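Reading through the structure tokens given below for one structure.
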Amino acid sequence: MKKLFILLCLGAPLALRAEDGHQLWLRPHAAVPVTVVAPASSSAVLATARRELQQHWQGAAGATVTLALRKDKALKYDGFRLSKQKIEAATEAGLLYGAYELLRRQQTGQPVASEVCNPSYELRLLNHWDNPDGSVERGYAGKSIFWRQDSALVVTRRDQKLWQEYARANASIGLNSSVLNNVNASPLILSAGYLGRVKAIADVLRPYGVRVYLSVKFSSPVLLGGLKTADPLDPAVVKWWQAKAQEIYRLVPDFGGFLVKASSEGQPGPQDYGRTHADGANMLADVLRPHGGLVMWRAFVYSPSDKDRAKQAYNEFVPLDGKFRDNVLVQVKNGPVDFQPREPFSPLFGALKKTAVMPEFQITQEYLGHATDLAFLAPMWEECLRSDTHQAGPGSTVARCTDGSVYAQKHSAMAGVSNVGLDTNWTGQDFGQANWYAFGRLAWNNTLSSSQLTDEWLKLTFAGSAASAPAAVGSAADWNAHFLAPVAQLMLASREAVVNYSMPLGLHHIMSATHDHYGPGPWWAPPGMRADWTPPYYHQADARGVGFDRTTAGSSAVSQYHEPLAARFNDPATCPDEYLLWFHHLPWDFKMKSGRTLWDELALHYDQGVQQVRQFQRTWDQARPYVDAERFGTVQNKLRAQSGNAVLWKDACLLYFQQFSHLPIPPTVEPPMHTLDAVLANDLPRPRANGPARP
Ligand code: GCV
């Protein structure tokens, strides 16, 4: 194995080619002959497993690998038993995941002991915010891979090839489900023409064990069916959904179910008819039950009248605990507001004890620099999954409260909002692929560490990619020391760098809306705009200080956390620095744990973020001999842009907040390159034709 890895690092013949990133972490290597013994079956999934092993085997030459289906109490869902030359599973999908695991171990030089590998969650899903016209909400890597405005219903060979590559990438990291369209759902998706395309997609994804789901608009019976109401308790509405479900299952017999964003950000929902979220979700769950389908009902709800947006989901959903059918999962974003660079975990995790709750993470970098900035997100997800909710005693982490370890639940799931588009390299920024990879692997095993994930991904994605093999790239040890270690370190620090240069110390939601959430906008509050869509609502900066008072003396959002967290967060002396301004409004001269004032600490964090990105640039420049020229150059350019973005964030936020603090920027901090006036001039709100749409 070691020998093989050295070969790859030397630039084995197959690797001496242009790399455009399209192959993801599945770059081809010269295969070694292998014999695969598998159960006689015409199953497409089994055929995929066999083919993958035959085409990509890197183990002992001439080995025989046995795939065996067998019931085993130690195996959960699509888990498998793995040894060097045998994979056993209770399902064919399990054999496929076992095959990918074996190949990954071979390619990354990890040992294979005799072991059981079970997924943490039954469903491991990507949510695509793709619209029927081919656009992608918060997508930064080109148009949708599923939908096209011009010829939505014509399925081309190119479509099928792309969908197959997509399915293979997902299966290789354990993902088994895809929601094909935006949660801000168009009713069109349920029309006959679009359902035909859904069937075509499902047919291509099926051999890789990936099932399809759809986001549905709650008012579809009105908008598509011509009914007068979408009231979930109206028999005509139920009948409409039943007929629609039958139509879908005739086309896609293994259709997974519906994802619903209801009574949220202007989307229709049961509350429009005086009904609850449970009424709405249960109606759809009953409709899908005979077909084995599930409902994923999002808890992302808030309204302009609420004094603290962070509290609303908990307030609406906790009273409904125990009222949902067992084929409903409530889908909860990692934090209580909205995928910010850092949020405390949502207090709904662990608080819903009789309802299946599934975490929703955002892979696409809406608030973390789009497809420009390099931000490896596994540390953020790891932070959330490992947070102890204390809801069922110490150790009731978010991971354990959602994967069935703490509460009895029939189904378990984890969803990630995809960053995939038609760009050749799928994700725009080459390092965005690492987030897709890490999400899938964490959905399979929610205890994996970020450092293991960087190690795997970097080896799979870059080993042997150097365009030439200079003497310096001569050994695995050299590659490890000069590429793997420094670039892994860069990745592991990258999310914290974004936090530092954009929203440190618990600041949140202070991005520019003019630039679609890229870059700073702490001032952004056009007249007439909903307050909870404007940054000043969140940072509350004034002459006295900065931060949102969520203590018991303020909005009391702290009280939604179980003790000892509520008390810990409530006291600025014990509240962790990273959540300080999330929970507290504090004076500019507040004494921090470091001994510095809050103002100085804030300035140092902004400056640190800038310096970190500069260091990322240096690290990447030094990695040049180990990377193909194409990806090296693309990432180098992106880091340049990120460096400018970091400086802009630092200058804009410090100069803006300085208007309130009236304090000098500490001398150790790099002086601003911009003036506040210049930054503001570049961030004038764009006129919006239809009033205050979600910015
Ligand atoms: C799909 C945020 C995003 C919206 C997104 C919404 C959601 O508000 O800005 O684009 O809508 O979250 O998760 O529903």
So for segment 129-137 (the condition being within 16 Å of the ligand (Cβ to nearest atom), in a strand (DSSP E or B) and in contact with a Ser or Thr (Cβ under 9 Å, 6 or more places away or on another chain)), does at least one residue qualify? yes
How do the pairs read when you match residues in segment 183-195 that are assigned to a loop (DSSP other than H, G, I, E, B) with residues anywhere that are within 16 Å of the ligand (Cβ to nearest atom), using Cβ under 6 Å and keeping only pairs 6 or more apart or on different chains? VAL183/SER215; VAL183/LYS261; ALA185/SER215; ALA185/VAL216; ALA185/LYS217; SER186/PRO132
Filter segment 391-436 down to residues that are of a type in the set (Val, Ile, Thr), touching a helix residue (DSSP H, G or I) at 6+ places or on another chain (Cβ under 9 Å) and not in a loop (DSSP other than H, G, I, E, B), then give me how many there are. 3
Would you mind finding the one in LYS228, LYS244 that is over 21 Å from ALA557 (Cβ atoms), away from the ligand (no atom under 16 Å from the Cβ) and in contact with a Gly (Cβ under 9 Å, 6 or more places away or on another chain)? LYS244
Restricting segment 488-517 to residues that are of a type in the set (Ser, Thr, Tyr) and surrounded by 20 or more Cβ atoms within 10 Å (Cβ to Cβ), the one modelled with the lowest pLDDT turns out to be SER512
Filtering segment 305-354 for residues that are more than 14 Å from the ligand (Cβ to nearest atom) and touching a Cys at 6+ places or on another chain (Cβ under 8 Å) leaves a count of 3
Reported set for segment 366-413 where residues are within 16 Å of the ligand (Cβ to nearest atom) and over 16 Å from SER450 (Cβ atoms) is GLU366, TYR367, GLY369, HIS370, ALA371
Within segment 289-304, track down each residue that is closer than 19 Å to ARG211 by Cα, within 16 Å of the ligand (Cβ to nearest atom) and either of a type in the set (A, V, I, L, M) or assigned to a helix (DSSP H, G or I) (or both). MET296
Taking TYR97 as the residue in question, decide whether it is touching a helix residue (DSSP H, G or I) at 6+ places or on another chain (Cβ under 6 Å) and surrounded by 23 or more Cβ atoms within 10 Å (Cβ to Cβ). no
Sort through TYR561, TYR606 and tell me the only one that's in contact with a Lys or Arg (Cβ under 6 Å, 6 or more places away or on another chain), at pLDDT 95 or above and crowded, with 19+ Cβ neighbours inside 10 Å. TYR606
Sole residue being modelled with pLDDT of 95 or more, more than 16 Å from the ligand (Cβ to nearest atom) and either at positive phi or of a type in the set (A, V, I, L, M) (or both), chosen from VAL179, VAL204: VAL204
Taking the residues in segment 427-436 that are over 10 Å from TYR140 (Cα atoms) and more than 10 Å from the chain's Cα centre (by Cα) as candidates, determine which candidate is surrounded by the most Cβ atoms within 10 Å (Cβ to Cβ). GLY432
Let me spell it out: the conditions are (1) within 24 Å of the chain's Cα centre (by Cα); (2) more than 15 Å from GLY209 (Cβ to Cβ); (3) assigned to a helix (DSSP H, G or I), and TYR97 meets all of them except one. Which number is the exception? (2)
Within segment 105-139, the residues that are within 16 Å of the chain's Cα centre (by Cα) and either under 30 Å from ASP150 (Cβ atoms) or small (Gly, Ala, Ser) (or both) are LEU125, LEU126, ASN127, HIS128, TRP129, ASP130, VAL136, GLU137, ARG138, GLY139
Residue tally, condition more than 14 Å from GLU316 (Cβ to Cβ) and either among the hydroxyl-bearing types (Ser, Thr, Tyr) or more than 14 Å from the ligand (Cβ to nearest atom) (or both), over segment 259-277: 3
What do you reckon, is ARG148 more than 16 Å from the ligand (Cβ to nearest atom), part of a helix (DSSP H, G or I) and not hydrophobic (A, V, I, L, M, F, W, C)? no
Can you find even one residue in segment 254-263 that is among the β-branched types (Val, Ile, Thr) and buried (at least 19 other Cβ atoms within 10 Å of the Cβ)? yes
Return yes when LEU368 is over 22 Å from TYR314 (Cα atoms) and in contact with a Gly (Cβ under 7 Å, 6 or more places away or on another chain) and no when it is not. no
Within segment 209-288, considering only helices (runs of 4 or more DSSP H) that don't extend past its boundaries, which have at least 3 residues that are of a type in the set (A, V, I, L, M, F, W, C)? 235-251, 277-288
Any residue at all in segment 322-334 that is in contact with a helix residue (DSSP H, G or I) (Cβ under 6 Å, 6 or more places away or on another chain), over 26 Å from VAL417 (Cα atoms) and either at pLDDT 95 or above or among the hydrophobic types (A, V, I, L, M, F, W, C) (or both)? yes
Assess whether ALA629 counts as being under 21 Å from PRO536 (Cα atoms) and either surrounded by fewer than 21 Cβ atoms within 10 Å (Cβ to Cβ) or touching a residue at least 40 places away in the same chain (Cβ under 8 Å) (or both). no
Please go through segment 437-455 and pick out each residue that is out of contact with any Leu (no Cβ under 9 Å at 6 or more places or on another chain) and either part of a helix (DSSP H, G or I) or buried (at least 24 other Cβ atoms within 10 Å of the Cβ) (or both). GLN452
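The values are calculated or read from the model by the stated rules, or taken from the named source; none is laboratory data. Predicted model, so just to flag it, every value in this text is computed and none were measured. Virtual Cβ from ideal backbone geometry, glycine too; neighbours counted across all protein chains shown.
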